[in-house]
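In what follows, a structure is listed as structure tokens, so that the remarks can point back to it.
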Amino acid sequence: MRHNNSGFTLIEIAIVLVIIGLLLGGVLKGQELITQAKIKNVINDFNGVATAVYAYQDRYKSLPGDDPSAGTRWAATGAAGTSGSGSGALIGTYSTATAAKGTNETPWFWQDLRLAGLISGDPTSTANPLNAVGGIVGAQSSTGGLLGFSTSTLIVCSGSLPAKIAESVDAQLDDGKPNSGSVRAMVETAPPAATALTAGGVAAAYVDDGKNLYVVCKSI
């Protein structure tokens, strides 16, 4: 009696392996495209904020957030706004949620730019925008030489960035090193919460260990 053994031929197995390979290649390529899109978005954030700040200073002769005439200016247009101290520096930390004149002016930075129509968003809101990975984007002055920047330099920071994205952003905007140039970074200690910047906290190198997230800051 003849028995028919059913099973895959070598050709069928080869075809299946080719299909699996193509699918895996497509997935990996898709992930790479997504990562590149996030890198581009983060870079656009830095460039867009810098452009908005320069435009605001050119138009109103003040730093957004620190603008001493913001309250009366926006009140005249029927909008809500609050005047800064006019110190010439953006007082507070980049992730501060509660604004206070002379103490924490950084939330007004975003509201002033929104009220001026220089960035998108609710003009009544002082909330920090988020970057492409959900991290906080914020601005502050580098009081005390934070991350090695010159004192009183205005810096814009983008948090919770994976090492690959952080290093690529640094390389495209500056020198690719977290401890030198106009772009600097430190390891985020408790993501997704924002990490306070320190003078000596700058990272020595970007380490892609699958765990490290970075807050990357650029001087403008």
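The values are calculated or read from the model by the stated rules, or taken from the named source; none is laboratory data. Just so it is clear, the structure is predicted and the values come from calculations on it, not from any experiment. Positions of Cβ are generated from backbone atoms using ideal geometry, with glycine treated the same way; all protein chains shown enter the neighbour counts.
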Quick count over segment 156-188, residues being farther than 15 Å from TYR94 by Cβ, surrounded by fewer than 22 Cβ atoms within 10 Å (Cβ to Cβ) and not aliphatic (A, V, I, L, M), is 12
Just the residues that are part of a helix (DSSP H, G or I) and of a type outside the set (Ser, Thr, Tyr), please, taken from segment 55-84. ALA55, GLN57, ASP58, ARG59, ALA70, GLY71, ARG73, TRP74, ALA75, ALA76
Per the filter on segment 148-185, residues hydrophobic (A, V, I, L, M, F, W, C) and at pLDDT below 95 are PHE149
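Would it be correct to say that SER125 is closer than 23 Å to ILE34 by Cα, touching a helix residue (DSSP H, G or I) at 6+ places or on another chain (Cβ under 9 Å) and polar (S, T, N, Q)? If you could, list the steps in order and put the result at the bottom.
Details: closer than 23 Å to ILE34 by Cα: no; touching a helix residue (DSSP H, G or I) at 6+ places or on another chain (Cβ under 9 Å): yes; polar (S, T, N, Q): yes.
Spelling it out, it is not the case that SER125 is closer than 23 Å to ILE34 by Cα, touching a helix residue (DSSP H, G or I) at 6+ places or on another chain (Cβ under 9 Å) and polar (S, T, N, Q).
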Residue in segment 192-206 that is in contact (Cβ under 8 Å) with a residue 24 or more places away in the chain, surrounded by fewer than 20 Cβ atoms within 10 Å (Cβ to Cβ), within 19 Å of ASN41 (Cβ to Cβ) and under 18 Å from the mean Cα position of the chain (by Cα) present: yes
Every residue in segment 156-193 that is in contact with an Asp or Glu (Cβ under 7 Å, 6 or more places away or on another chain) and polar (S, T, N, Q), please. SER158, SER160, SER182
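What residue, of GLY48, GLY25, GLY102, GLY30, is modelled with pLDDT under 95 and either surrounded by 14 or more Cβ atoms within 10 Å (Cβ to Cβ) or on the phi > 0 side of the Ramachandran plot (or both)?
On the way: GLY48 fails: modelled with pLDDT under 95; GLY25 fails: either surrounded by 14 or more Cβ atoms within 10 Å (Cβ to Cβ) or on the phi > 0 side of the Ramachandran plot (or both); GLY30 fails: either surrounded by 14 or more Cβ atoms within 10 Å (Cβ to Cβ) or on the phi > 0 side of the Ramachandran plot (or both).
Result of the check over GLY48, GLY25, GLY102, GLY30: GLY102.
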